[in-house]
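The values are calculated or read from the model by the stated rules, or taken from the named source; none is laboratory data. Every value quoted in this text rests on a predicted model; they were computed, and no experiment measured them. Cβ atoms come from the backbone with ideal geometry, glycine included; neighbour counts cover every protein chain shown. The protein model used for the area step is the full one, side chains on, heavy atoms only, and it has no ligands, DNA or RNA in it. Shrake-Rupley method; radii C 1.70, N 1.55, O 1.52, S 1.80 Å.
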Amino acid sequence: MARDITTGVQNEIAKEIVRPIYLVALYFTETLYLNSSDRNIGYAGNTYIGVGDLGKISVVEESSELQAFGMTMEMSGIQQSHVSLVLNEKYQGKVVKVWLGFLNAGYALVGDPVLMFDGFADQMSIKLGQTATILLSAESKLIRWEVPQIRRYTNTDQQTAYPGDKGLEFINEITNKEIIW
């Protein structure tokens, strides 16, 4: 994936002291915005909650081949309200995005973070203790290429996708219709 890195980010990377930060967006029923710092960070009109120790984010693999890759992340220090959100959520297939950004000496976000991963939630497990730890695995959007898309040219299938549409209303009648030229 080609990455657009702003000049501000390039200058920050070249400094002697670098402060990387991960921004994670979990697009569940209620979107959960987290970051790996100890403070809240504003980006793109959203407040990413500082969880202090986002935990571990696996290597995000890429290839020049058309191939789906996955990633895993461990998020710890999650607030109890967000844990209950995750427990009651049908998370599988929901969008997961991870950005890598950099903070300056004043702990402000420099430039635009780089999108590292954009995919779908696959499996999740939760370890509850004094703090909650969520283990989430996600798959690249290319994983959808492996899922067969079974659609039929029937009125029933059309109504499922587009309720009220009349485009295939008489399809059953014309299959056995004799047409004289």
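Using a 1.4 Å probe over the heavy atoms of the protein chains, calculate the carbon and sulfur portion of the accessible area of the chain as a whole percent.
Here it works out to 51 percent.
Just in segment 89-181: which GluC sites (Glu not before Pro) are loop by DSSP and have at most 16 other Cβ atoms within 10 Å?
E89, E169, E178
How much mean residue ellipticity at 222 nm does the chain get from its helices, if each DSSP H run of length 4 or more adds -39500 (n - 2.57) and you divide by all residues, to the nearest 500 deg cm²/dmol?
Estimated from H runs of four or more residues: -4000 deg cm²/dmol.
Is there a quick way to get the dipole size of segment 115-181? I mean about its Cα centre, with the Cβ of Lys and Arg at +1 and of Asp and Glu at -1; what is the value in debye to the nearest 20?
Dipole about the Cα centre, nearest 20: 160 debye.
Can you give the FRET efficiency for T72 and E169, using 1/(1 + (r/R0)^6), R0 = 41 Å, r = Cβ-Cβ distance, to the nearest 0.05?
0.30
Over 27 Å between Cα atoms: which of K94/K166; K15/K141; K15/K127; K97/K166; K56/K141 fall into that group?
Over 27 Å apart, Cα to Cα: K94/K166; K15/K141; K15/K127; K97/K166.
Given 10 Å bins starting at zero, what is the percent of C-alpha pairs of the chain in each, up to the one with the largest pair distance?
8, 28, 27, 17, 10, 6, 3, 1, 0
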